[in-house]
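Notes for the one structure printed next.
Laboratory data are not the source of any read-out in this text; all were calculated from the coordinates shown. On a predicted model such as this, the values are computed, not experimentally measured, just so you know. Virtual Cβ from ideal backbone geometry, glycine too; neighbours counted across all protein chains shown.
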Amino acid sequence: MIKTIDIFFVLCVLVVFFWGINKHFRVWRRGTQDNRSDRMGYRLRTLLFDGIAHRSILRDPYPGILHLFIFLGFLIPLFVIFIVQFMFILPLPISKVVSLFMDIVGFAAFVSLLLVLYRRYITRPQRLSNTPEDLTVLLLLLTIILTGFLVESLRLSVIGEDTQVWAPIGNTIASLWNATGMDNQVKGTLTTLFFRIHFFLVLATIAYIPFTKLFHIISSPLNILYRSLEPKGAASHMDLEDEEAESFGISTIEEFSWKHLMDLDACTQCGRCQDHCPAHLTEKPLSPKVMIDDLKNHMHLIIPQRLGRKAQTIDAAEIPPLVGEVIAEDVLWACTTCRSCMEHCPVYVEHVDKIIDMRRYQVLMESKFPEELTTAFRGLEKNSNPWGLGFDTRADWVGEMNVPIFSETGGEEIDFLFFVGCIRSYDDRNKKVSLAMIKILNYLDVKFAILGMEEGCCGDPARRVGNEYLYQILAQTNIETFQRYNIKKILTSCPHCYNTFKNEYPQLGFTIDVVHHTEFLWESLKKGQLILTEGQAKTITYHDPCYLGRYNDIFEPPRDILRSLPSLDVREMKRSRADSLCCGAGGGWMWMDEKIGKRINIERLEDALASRCEGMATACPFCVTMFNDAIKDKELENEFRIWDIAELIADSIAETD
C-alpha cells in the first residue's frame, strides 16, 4: 500500500515538475526566432565540459569547487539509485566501492553547503544578493543530505560491523547510535521516519525546481548548449531592408529572441559579471547582474499575462517601457561593450548583445541618445569620422614621408592595404603611431598602400551605440572601395577596425583577410626580418585592449613582442588578459564624458601604477588616447608614459646601410 502511495506521490511531483518546466518553455517561445541548432557536436562537447564538468564555473576556484561538490553530491546518488532500482543490482564488491564513493561525495556536498551558507551570510561578498529563497534552497538541500546520512547510519547500526567499513560517515554516526543502547526495533522505526522525511523532501525539491532559483539546473545547461557560436566580436546582424519589420531594435521583452529570454532564466545571479564590469567598479549605475534580473522579472510579469488572455494581447499602455522604466537610460548607456561580463559568465548569458539591441531602438526609432553622440553621428555622416574633420586632411599625418596611396599607385600590385583608421589619422598623439608603422613597413620593404582621402570609418563607433543604419552605410562604402581596388588583405593597428572587418563585414557578404599590427610584428620578429637594437632600459606593463583580447583572443603576440625587446622589463598588472579592465573608451564613451562615479581610465591607470612601472604599452588607439588623458589628469607626464607597441619597435629597429 505504501509503495502504491509513493508511486502516486512521485507521479504528482513529476506532473508539477513538467508543468512548471513547460511554463518557462512557453515564455521563451514568445521570443523571436534564433537559429542555435548548428554544430550540435561542438555544442554537446561544450555542455559536457562547461555544464557537467564545471570548466567555466571553476575559473573562480573557491565558489566553483563548492558548486561542483554540491552538484556531484546530488547527481551521483540519484544516478546510482536509478541504476539499482530500475536497471540491475550491483555485485557486492562493486556496491561496497560505490557506497564508499557516495559517502565521500555526500559528505563533500554537506561541507560545501555549510561553506556556501558561511560565505553568503557571514563573509557576504558584495556581488551576492541574498534573498529568503536562497536560504530556503540551501537549508532544504542541507536537510536532504543530513536525513540521508541518518537513514544510512541507522541501517548500518542495525546490520552490524561487516559492511560499515565501506561507509566512513555512516559508520561514524552509526557508532553514536550504538552508544545510546537503543534496540534495533526503535532504530528501525527511526529509519522509517527519517527515510519518509528524506523521501518527501526530495520530492518537494523536485516539484520546487521550476519555481525557484533551482531552475538553473535546467536552464543553465540549456543555455550553455545553445550558446552563440558566432565570432565573439560580431554584434547581431540587422536586416534594414526587411519590409515586414515594424521597428528596429528591441523595445519590448518579446522582441528579444527565445535564446535571449532563456538567458534571463539561466542567470544564476552569481555576480561574476558585476565583479568584472568597469562601469560597476567605477560606481556607474550599470550592474550586468541587476540588469538581467530586472529583465527576468519583467519577462515573468508581462509574458504570462499575454499567455493568459484568450486574444494573447495587452494594451500597449499597460506595459512599462523597457528602456526608461525597466532599464534606466543611465544603465543602458553606461556600458563600454568591453565584453568582460560575458567573458566571465559561466552559463554564457549575452549581456552586451541585449544592450546593443536596446540601444538600436532608442537611436533608430526614438532618436534618444546621449547628447554628445550628436556631434559624432554628424561627423560620421558628413566626413566618415566622429569629429567631422575633412576628408582632404585624412592623410595629412603622412607629412614628408613617401607613403603610397592607392589612387596614385596606378594599379601596382601590393601585399596589403594599411588601414590607418580615424583616430590614427586625425589625433595628434596617435599620428605618431601611424608614422611608427610606416617606418617599420619601409624597414621591412613590404609593398603596401593607404587609401588616403578615400579611407572612411569602419563603422564600429556607430554600431556599438546602436546606430545600425549609419554603420551599414559606412561599411558598404568601405566594401565598395575595397572591391574597386581589388584589395585582398588589410593590415590595421586598431582593434576596433580589425574586429569590424574580420567579424562583422562578413554579415554584409564581404570577407577579407585582416591582420592586426601585433600579429604582423610578431610574425616579422619570428622570421628574423626585424633586427632590434638594445634600447634604453624601461620597466613596462601591457594593457590588453578589449577588442583585441576578449573579442579576438589576441593575448600573447603583444607580450611576445615586448619580451623580444632586450631593454624592457615587462611586468603584468593584477588584472590582465581576459581579466583586463577596459580603458573606458568603448561603446561610444570615446565621444562621451563620464559624469557619474570615477573615470574608468583613471581606475585602469592606477592598476598600471601599482605594478611599479615607468610606463605602459598597448595596441589600440582608443587606449592610447584614454591613458594619455589619464596621465595628464594625474599630472604624471614626467613620471609615466603610454606607448603603442609599434612605437617601441620603431625606436628599436636597427638601422641598415
Relative compactness, the chain, computed as alpha-carbon Rg over 2.2 N^0.38 Å: 1.16
For LYS489, residues with placed amide H under 5 Å, excluding near neighbours: LEU417
Value of relative contact order over the range 212-324, rounded to a whole percent, pairs C-alpha under 8 Å and six or more apart: 27 percent
Sorted by Cβ neighbour density within 10 Å, fewest at the top, the residues MET365, MET291: MET365, MET291
Likely footprinting exposure, ILE438, ILE423, fewest C-beta neighbours within 10 Å first: ILE438, ILE423
13 Å tail of the calculated P(r), the range 101-142, as % of Cα pairs: 55 percent
Rg/Rg_globular for the range 385-519, with Rg_globular taken as 2.2 N^0.38 Å and Rg from C-alpha atoms: 0.99
Cα gyration tensor of the range 474-583 - equivalent ellipsoid semi-axes, whole Å, descending: 30, 18, 9
Cα-centred dipole magnitude for the chain, charges only on beta-carbon of K, R (+1) and D, E (-1), debye, nearest 20: 2660 debye
Size of electric dipole in the range 253-364: Cβ of Lys, Arg +1 and of Asp, Glu -1, about Cα centre, debye, nearest 20: 220 debye
Along principal axes, Cα extents of the range 146-302, largest first, whole Å: 81, 36, 28
Structure-based [θ]222 nm, the chain - -39500 (n - 2.57) summed over DSSP H runs of at least 4, per residue, nearest 500: -16000 deg cm²/dmol
Centre separation in Å (Cα based) which lies between the range 317-339 and the range 445-464: 33 Å
In Å, descending, principal axis extents of the Cα set of the range 2-225: 65, 44, 36
Taking CYS494, CYS582, CYS613 and counting other C-beta atoms within 10 Å, the order from fewest to most: CYS613, CYS494, CYS582
Test item: Cα-centred dipole of the range 385-519, Lys/Arg +1 and Asp/Glu -1 on Cβ, debye: 340 debye
The range 555-577-the range 632-656 distance, computed between alpha-carbon centres (Å): 14 Å
Kirkwood Rh (inverse of mean 1/r, distinct Cα pairs), the range 526-652, angstrom: 15.0 Å
Whether the range 407-485 is rounded, prolate or oblate, judged on the alpha carbon gyration tensor where a/c under 1.5 counts as rounded: oblate
Overall dimensions of the range 253-364 as given by Cα atoms, namely Rg and Dmax in Å: 14.3, 47
